[in-house]
Amino acid sequence: MSWPEWNPARGIEPSQWPLACIGPGRVGCALSRALAGLGFPVVAVGGGSSGWDERLAAELGAEVTAEPYGELGGKARLILVTTPDHSLAAAAAAIGAGAALKPGTCIIQTSATVPAEVLRPMSGETEGISCLSLHPLKPFMDRERGLEHFSGAIFGIEGEDEARTLGHALAGLLKGHPLDITPRDKAVYHAVGVMAFTGVMALAWAAQRTAEGLDLDPSFLEKGILPNMSAAAEAVGEQGLPGGLTGPISRGDADVVSDHMKVLAERFPELVPIYREIGLLNLRMVEEEGRLEGEVVKRLRQALKS
């Protein structure tokens, strides 16, 4: 017995894709909630910690399932395996041993770095089961997110041809942007997201440490820095790179950079590497665009490396 044949040209009919979530962490909870909001019936939740499988199952009207996941294959056509990366292989083996998956099933994991092929043990000897990696490149701060959180997100998609086609369709339903990536490129793709998203946190921390060291008002970060970090991101969106760049590097002001390096070394030495590397990256950006003369670039580089 198989699930009904899927015709990609007709899109996805959610009612024909009952869903199970194994390992409901932050992404698993959000993705299950989002797909349920689109009409995908959530039939089972399992493998959660701190009672989250029971909580999500109760919220979405699903059953709680546990190893050996017997009969899961007859209930769920989409199976989200959203356990931590290090336990994906073990989860796939456990489900494959007991779930009796049917042809036409798609297994989805959301790891940014582990290839979709890690799920292959779930299919066992059964033909017609596809494995997909569908990674939303977006921060998930908690388990309470839902459908709106995926709007505009990039979805890194990796797997076999049919699985990727399904991934594109799911990304479209979630109002995201699908991006095909290879197993080899997944780590780089994810590293870029980590730099962009957690880099903001590191810079906010640096600003906060400076404010504390200067005994500034506690609202300095909230009122003076964070809104303008958002403004800088908006400038990149509006003017591109390096058009949105401001500050002494963009103006070629090596004396100001030297002053910054000196005072940071004296009073906040832990921030010197952050300032230096940001400056060198910005310098490379404006240098490649030919916005500064060679001698000015040389003085700026010397100031940053002093």
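None of the figures in this text is laboratory data; all of them are computed from the coordinates on show. In this text, all values refer to a predicted model and were calculated from it rather than measured experimentally. Here the Cβ is made from the backbone with ideal geometry for all residues, glycine too, and neighbour counts use every protein chain on show.
Among residues belonging to segment 62-87 that are over 20 Å from Glu5 (Cβ atoms) and crowded, with 22+ Cβ neighbours inside 10 Å, point out the one that is nearest to the chain's Cα centre (by Cα).
Thr82
Take Leu216 and decide whether it is surrounded by 11 or more Cβ atoms within 10 Å (Cβ to Cβ), among the aliphatic types (A, V, I, L, M) and closer than 22 Å to Arg301 by Cα.
Criteria not met by Leu216.
Quick check: is even one residue across segment 139-148 buried (at least 20 other Cβ atoms within 10 Å of the Cβ), closer than 20 Å to Phe197 by Cα, of a type outside the set (Ser, Thr, Tyr) and under 11 Å from the mean Cα position of the chain (by Cα)?
no
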